[in-house]
Each structure stands twice: as C-alpha cells, then as structure tokens.
1. Scan the stretch 49-68 for residues that are closer than 14 Å to Cys83 by Cα and either touching a residue at least 60 places away in the same chain (Cβ under 8 Å) or not small (Gly, Ala, Ser) (or both) and jot them down.
2. I want to confirm something. Restricting to the stretch 1-18 and keeping residues that are in contact (Cβ under 8 Å) with a residue 12 or more places away in the chain and loosely packed, with under 12 Cβ neighbours inside 10 Å, which single residue is nearest to Asp32 (Cα to Cα)?
3. Answer yes or no: is there a residue in the stretch 91-100 that is of a type in the set (Asp, Glu), on the phi > 0 side of the Ramachandran plot and at pLDDT below 95.
4. Mind counting the residues in the stretch 38-79 that are part of a loop (DSSP other than H, G, I, E, B), within 13 Å of Met1 (Cα to Cα) and either of a type in the set (D, E, K, R) or touching a Gly at 6+ places or on another chain (Cβ under 7 Å) (or both)?
Amino acid sequence: MIDNKTFIKMIDDHEKWLRGDGGQCADFSGMDLKSHDFVNVDLQKANFERADLQGIMFIRCNLAFVNFKNANLNNVIFSDCECYQTNMQSVTMKDCEFRGVKMSMTIMTPKDENKERYISKYVTIND
C-alpha cells in the first residue's frame, strides 16, 4: 500500500505530465490503493493494471484511455466520471456502481468463473 505523500505526488506528477510541464504518467499497476479515493482528478492515460482498488471512489474524474485491465474493482463507485476508450478487460467488479458516468468505446469484460459477459450481473448503473 502506498502512503498518502507518495499518492499525492503521483497525482501531481501525472497532472503536470498531462499539461506538458514535466512530471510523468501515473503508473499504479499492481498497487494496493484501497485507502485512496480519487476526487476531481484528470487521470487520462493512467495505468491501473492489476491494481487493488476495492472499495474506493472515483468522483468527477476523467478516466479517458485509462487501463484497468485485471484490476480489482469490487465495491468501487464511479460518480460523475468520463470513461472514453477505458480498458476494463478481465476486471473483477462485484457490486461496482456507475453513477452519472459518461461512457463510450469502453471495453468491459468482467472476469468470473463462468465466463459470462452480462454486465448487469456485476454493475449497477444509476442515472
């Protein structure tokens, strides 16, 4: 699990990178982020592959081109976010909620033992 100081620095560096002011693209791959919420953050192109995000919230975040492949999204709440070409392949997403999320060209193939592809079984979408 990363500490709060490192978490904030990674977010600041990512936003600098997006503006072209140095910094670097946020790579949270494989990290345990269960104690960190993302609020009002532009996370375009960030990498969350294999990250453990269980129970966190993404509120008013730009998640365009974000990679969540093989991440744990169980009990995650996405509220007022934008997901454009977001990669959610092979994620675990039991009791995951999307509230007021704009989503287009997003790849969603939840992982389960039965290889079913019924998103409604995993995701609640509230308007």
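1. Residues satisfying the conditions are Phe58, Ile59, Arg60, Cys61, Asn62, Leu63, Phe65, Val66, Asn67, Phe68.
2. Met1
3. yes
4. The number of residues fulfilling the criteria is 1.
The values are calculated or read from the model by the stated rules, or taken from the named source; none is laboratory data. Keep in mind that what you see is a predicted model, and the values were worked out from it rather than measured. Cβ sites come from the backbone with ideal geometry, for glycine too, and all protein chains shown count toward neighbours.
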